[in-house]
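S.K.: My structure is below; once you've seen it, I'll send some questions.
The numbers here are math on the coordinates, done by the rules we state, and not lab data. These numbers were taken from a predicted model, which means no experiment stands behind them. All Cβ positions, glycine included, derive from the backbone under ideal geometry; neighbour counts span all protein chains shown.
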Amino acid sequence: MKEKIINLVGTFYWQVQKAERTKNKFLIKQAELNRDLFLFSKDLTLHQWRRIRSGDYYNKRDELTGNEQMEFILDRIKIYR
């Protein structure tokens with residue numbers, strides 16, 4: 001039986017293209033954030049994740065919802081990366 005290989009990066013770009021076809025700005029932004037979050041975080045070490053999630057991370061994250069929450073996480077990754 002041949003093992004199926006999934007291209008994760010390609011999947012995230014496909015999701016962006018699919019969202020763009022809907023012309024829904026919220027869905028497009030969400031797909032772009034999902035892609036960026038994956039690309040920025042895929043090579044982080046455990047130590048880096050601990051630094052990202054230190055301090056008031058959980059309190060601030062829990063105050064936000066949806067795309068705002070994802071933007072906050074992405075910003076934290078960019079700071080500590």
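S.K.: Take the residues of the range 50-71 that are touching an Asp or Glu at 6+ places or on another chain (Cβ under 9 Å) and part of a helix (DSSP H, G or I): which is farthest from LEU8 (Cα to Cα)?
M.R.: First, the residues of the range 50-71 that are touching an Asp or Glu at 6+ places or on another chain (Cβ under 9 Å): 64, 69-70.
Checking which are part of a helix (DSSP H, G or I) leaves us with 69-70.
Details: GLN69: 22, MET70: 19 Å.
The extreme case among them is GLN69.
S.K.: For the range 1-49, give me each residue that is assigned to a helix (DSSP H, G or I) and β-branched (Val, Ile, Thr).
M.R.: Residues of the range 1-49 that are assigned to a helix (DSSP H, G or I), as a first pass: 8-22, 25-41, 46-49.
Answer for the range 1-49, where residues must be assigned to a helix (DSSP H, G or I) and β-branched (Val, Ile, Thr): VAL9, THR11, VAL16, THR22, ILE28.
S.K.: In addition: Any residue in the range 1-27 that's in contact (Cβ under 8 Å) with a residue 40 or more places away in the chain: show its pairings with residues that are part of a helix (DSSP H, G or I) and of a type in the set (S, T, N, Q) at Cβ separation under 8 Å, as long as the two are six or more apart or on different chains.
M.R.: PHE26/ASN67
S.K.: Can you report the number of residues in the range 72-81 which are surrounded by 13 or more Cβ atoms within 10 Å (Cβ to Cβ) and either free of Cβ contacts under 8 Å to residues at least 24 places away in the same chain or not in a helix (DSSP H, G or I) (or both)? Please lay out each step first, then the result.
M.R.: Pass one, the range 72-81, residues surrounded by 13 or more Cβ atoms within 10 Å (Cβ to Cβ): 72-74, 76-77, 80.
From what is left, the residues that are either free of Cβ contacts under 8 Å to residues at least 24 places away in the same chain or not in a helix (DSSP H, G or I) (or both) are 72.
Residues that pass the stated criteria total 1.
S.K.: Could you check LEU27 against (1) over 13 Å from the mean Cα position of the chain (by Cα); (2) of a type in the set (A, V, I, L, M); (3) exposed (fewer than 13 other Cβ atoms within 10 Å of the Cβ) and say which number it fails?
M.R.: (3)
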